[in-house]
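These notes concern the structure reproduced below.
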Amino acid sequence: MQRGLVALAKYVLISDLTLMYDYRDFPLLDFLPCAPSGSVPGAIYNFLKGSASPPLPNGEAKYAPYSVRKIEAALLTRNKPEDVAVPHPDYIEQFIKDDTEVIGVSTMDPLGIAPLTMSYEVLFATHSSPWVRREWEALIHRINLARRGKKAKLIVGGPGVWEFTILPEELTKEGIDYAFQGESEDVIPYLFEQVAQDKLDPNMFYQGYASFDDNFRMIFKPDGRFITRRPGGRRFPRLEDIPNIVRPSMKSMVESMRGCGVGCDFCEVTLRPLRYYPVEKIEQEVEVNVKYGGFTNAWIHSDEIFAYKHGPLFKPNEEALIELFSRVMSIPGVTESNPTHGRISIPAAYPELISKLSEIMRAGPSNWIGIQVGLETGSDRLAKIHMPNKTLPLRIGPDGSWADIVWEGVHNMTLYYWRPAFTVQVGQSDETPEDNWETVALINRLSNSEAGGRPFEFTVTPMLNVPLGVIKSQSFNPAMLDESQLAVYYASYRHLAKMAKRDAVRDSKGNFIARMGTAGIISFGGWVMMKVVESICKKRGVDIEKVKRYGLESSSTSVAVPVPA
Ligand code: SF4
C-alpha cells in the first residue's frame, strides 16, 4: 500500500470484520463466527474464514458489506468523495486522524446473542465468547485506541443494534458514543453532521430507541446512548431517497426490495413498508459490482424474493421475477446469479417458474442456486399459529400438510438445481414436544428422499428462541433444551454431517491444497458436530435410534401439490 495516498477522512466507515471475510466461498461457512471460540480453535477459525476483502492502493477496502456501501453512498450525497473512507481492516488506524469527525461501524451480531449464536452457546454451555463477539470487541478496542485524544465520535448501526437495546450497558463498557437504530439513508448525512457538533435536531432524531410492548405496539424508550428517527415522523426512507451504491459490495450483493408483508409473527422484517427496487436500479448496482469489483456473479438480496411485486394472496409475479433475473443475467460480465432468501411454498406450487428461473440463471450440476429458506417447523399447528401466510397461495389442509408442501418444494428445487439452506426454530411460543417431533419427522423424510435420481439437496440449521431474561443472565446450558428440542438438533446435525461428507469436495473453492483443506475440515467438522450433539442427547436420555427413524415408516415420499389457479 502507498501510505502517502491515504487522505484525511472526515467520516470513516468500518464493518464488523466478520462481514469482511470470504469464508473460502463455501456455502454456509458465513455462519462460522457464531461458533464458540472455545470449541473452534483459532487456527481452524482463521483458516476457514479465508481472506478479507483486498486493499486498494490508498488503503481502503476493495469490497465492503452492502450496508456499509449504502451508508457511504448516502453520505456522498452531501459530502465530497475524499471526506468518506471505508478502510481495509489492516489500515483502519491510518484513517482515524485529528480531523476525523465520526467513525461509523456497521454490525449484525456484536454481542453474540443472535439466535444461531445463542443456539451454539446453549448447546455447548460454554463460557467462551463466540468468535463474532471476540472479533467485535477486538475491533472496537482498536478503534478506541486510534481515536484516543482525538475528537472523533464512535457510532454503531446496522441490524445488530437491537442487541444493545437488550444489554445497553455494553455501549458504556465498550466506550461507544451512540447506537443508531433503524434505516437511515435519507437522514445519515444530517446525523453525522449533528453528532460531530454534539447537537441533535429533535425534529429529526430522538435520543432513545423503539421497542414493543406486550401487545406488540411500538413504544419509545428514552436513553441518551441511542439515537433513532423521531417518533411520529417518517420511520423509513422512501425508495427515491435510497441512493445506489457507488463502490463494490462484498460477494456482489445488491438489494431488490425492502420489507416483506407476509406477516410471520416472529419476524421484524414484515413490519417495514414494502419497497420494490425497479429493475433499472438493481441493474445499476450490479454494474457497479461488475465494473469496479470484477465480479461475474450477482446476489439478489431480499427477505422474500418470491414476494417481489407479488400478486393477490402472495401469488408470485412470474413476469416480474423472470424480467428481474433475465436482465441481471444479461448484464455484460455476469455469468451467475442467485436470490438470497425465499419461501418454500412457491417452488412447491410453481415448478415451471423455478425451471424457467434455473434456465435464466444457468443452474446445473456445477452451479447450484443457493437460497436461505425459513422452514421454522414441521408442525401444521405451529405453522398456522405463527406464519399462516407463509404457505400462500397454498393452504395447509386443502393443499396438503405443511410437511407435504415443504417436501414438494425441495423436490422441485433439487430437480432444477436449487439448494435451500433451511433454518428451523425450537422454543417458539405455544410449542409442544409433538410439534418438535413433527419437525424431526420432516427432516428425516427430506433427508431420505430423491428427485431426478439425486438425493434431496438441502441443509438445515436449528435455532433456539432464548428468553430475554436468560440472555441477560447469560446462564446458558443444554438443560434449557428438552428431549424433543434436542431431537430436532440431532436430526439436523445428522443431516448436515451427511451433506458435508457428500458435498464438501464439490463445493470447496481455491487451489487443490485449499480445496482439500477446506473439504477435509468441513467434512470432519460436520461429523464431530453430529457426535457432540449425539453425546449430549445420550447424556440427557434422548433415544437416538428413535430420532434416526422417526417419521420414516409412516411418510410417503411423493405428494401432489396443486398449482393454484
Ligand atoms: S416470509 Fe420471511 S421475511 Fe417475510 S415475514 Fe415471514 S419470516 Fe419474515
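The values are calculated or read from the model by the stated rules, or taken from the named source; none is laboratory data. If you're wondering where the values come from, they're calculated on a predicted model, not measured in any experiment. Cβ sites come from the backbone with ideal geometry, for glycine too, and all protein chains shown count toward neighbours.
The table below gives the values:
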read-out	value
Count of the range 341-359 residues which are among the small types (Gly, Ala, Ser) and within 16 Å of the ligand (Cβ to nearest atom)	4
Test for GLY370: is it assigned by TED's automatic domain parsing to the domain that holds GLY452, more than 14 Å from the ligand (Cβ to nearest atom) and assigned to a loop (DSSP other than H, G, I, E, B)	no
Positions within the range 313-343 being touching an Asp or Glu at 6+ places or on another chain (Cβ under 8 Å) and hydrophobic (A, V, I, L, M, F, W, C), in sequence order	VAL328, ILE331
Meets criteria (β-branched (Val, Ile, Thr) and surrounded by 14 or more Cβ atoms within 10 Å (Cβ to Cβ)) for THR228	yes
Matching residues in the range 185-202 - criterion: being under 17 Å from PHE236 (Cβ atoms) and more than 28 Å from the chain's Cα centre (by Cα)	TYR190
Qualifying residue in the range 354-376 (condition: modelled with pLDDT of 95 or more and farther than 30 Å from LYS281 by Cβ)	yes
ASN389 surrounded by fewer than 23 Cβ atoms within 10 Å (Cβ to Cβ), in contact with a strand residue (DSSP E or B) (Cβ under 7 Å, 6 or more places away or on another chain) and of a type in the set (S, T, N, Q)	no
Residue match in the range 404-414 (condition: modelled with pLDDT of 95 or more and closer than 17 Å to MET530 by Cβ)	no
Test set (1) surrounded by 16 or more Cβ atoms within 10 Å (Cβ to Cβ); (2) in contact (Cβ under 8 Å) with a residue 24 or more places away in the chain; (3) over 22 Å from the mean Cα position of the chain (by Cα) - ASN317 fails condition number	(2)
Residue match in the range 328-340 (condition: within 23 Å of GLY182 (Cα to Cα) and within 16 Å of the ligand (Cβ to nearest atom))	yes
Options ASP214, ASP201: the member that is within 24 Å of LEU468 (Cβ to Cβ) and part of a loop (DSSP other than H, G, I, E, B)	ASP214
Tally, over the range 163-181, of residues that are touching a helix residue (DSSP H, G or I) at 6+ places or on another chain (Cβ under 8 Å) and part of a loop (DSSP other than H, G, I, E, B)	5
Selection from the range 262-273 of residues that are part of a loop (DSSP other than H, G, I, E, B), at negative phi and either near the ligand (Cβ under 6 Å from one of its atoms) or surrounded by fewer than 16 Cβ atoms within 10 Å (Cβ to Cβ) (or both)	VAL262, CYS264, ASP265, PHE266, CYS267, GLU268, PRO273
Number of the condition not met by MET463 [criteria: (1) modelled with pLDDT of 95 or more; (2) under 24 Å from the mean Cα position of the chain (by Cα); (3) not polar (S, T, N, Q)]	(1)
Boolean, ILE300 is away from the ligand (no atom under 12 Å from the Cβ), among the β-branched types (Val, Ile, Thr), touching a Phe, Trp or Tyr at 6+ places or on another chain (Cβ under 8 Å) and not assigned by TED's automatic domain parsing to the domain that holds ASN465	yes
Residue that is assigned by TED's automatic domain parsing to the domain that holds LEU116, crowded, with 20+ Cβ neighbours inside 10 Å and among the hydrophobic types (A, V, I, L, M, F, W, C), where the choices are LEU56, LEU76, LEU19, LEU28	LEU19
Residues of the range 221-235 classified as modelled with pLDDT under 95 and not in a loop (DSSP other than H, G, I, E, B), total	0
Filter result (closer than 16 Å to ILE140 by Cβ and among the small types (Gly, Ala, Ser)) within the range 103-127	GLY104, SER106, GLY112
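Here's the yes/no breakdown for (1) polar (S, T, N, Q); (2) assigned to a helix (DSSP H, G or I); (3) without any contact (Cβ under 8 Å) to a residue 12 or more places away in the chain:
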residue	(1), (2), (3)
GLU323	no, yes, no
ILE346	no, yes, no
ILE354	no, yes, no
LEU375	no, no, no
LEU382	no, yes, no
ASN389	yes, no, no
ARG395	no, no, yes
ILE405	no, yes, no
HIS411	no, yes, no
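Residue-by-condition table, conditions (1) within 16 Å of the ligand (Cβ to nearest atom); (2) surrounded by fewer than 19 Cβ atoms within 10 Å (Cβ to Cβ); (3) on the phi < 0 side of the Ramachandran plot:
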{"site": "GLY233", "(1), (2), (3)": "no, yes, yes"}
{"site": "ASP241", "(1), (2), (3)": "no, yes, yes"}
{"site": "GLY259", "(1), (2), (3)": "yes, yes, no"}
{"site": "LYS281", "(1), (2), (3)": "no, yes, yes"}
{"site": "GLU287", "(1), (2), (3)": "no, yes, yes"}
{"site": "ALA307", "(1), (2), (3)": "yes, no, yes"}
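Each row is one residue, and each column tells you yes or no for (1) among the aliphatic types (A, V, I, L, M); (2) at pLDDT below 95.
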position: TYR277; (1), (2): no, no
position: GLU280; (1), (2): no, no
position: GLU283; (1), (2): no, no
position: VAL286; (1), (2): yes, no
position: GLY293; (1), (2): no, no
position: ALA298; (1), (2): yes, no
position: LEU313; (1), (2): yes, yes
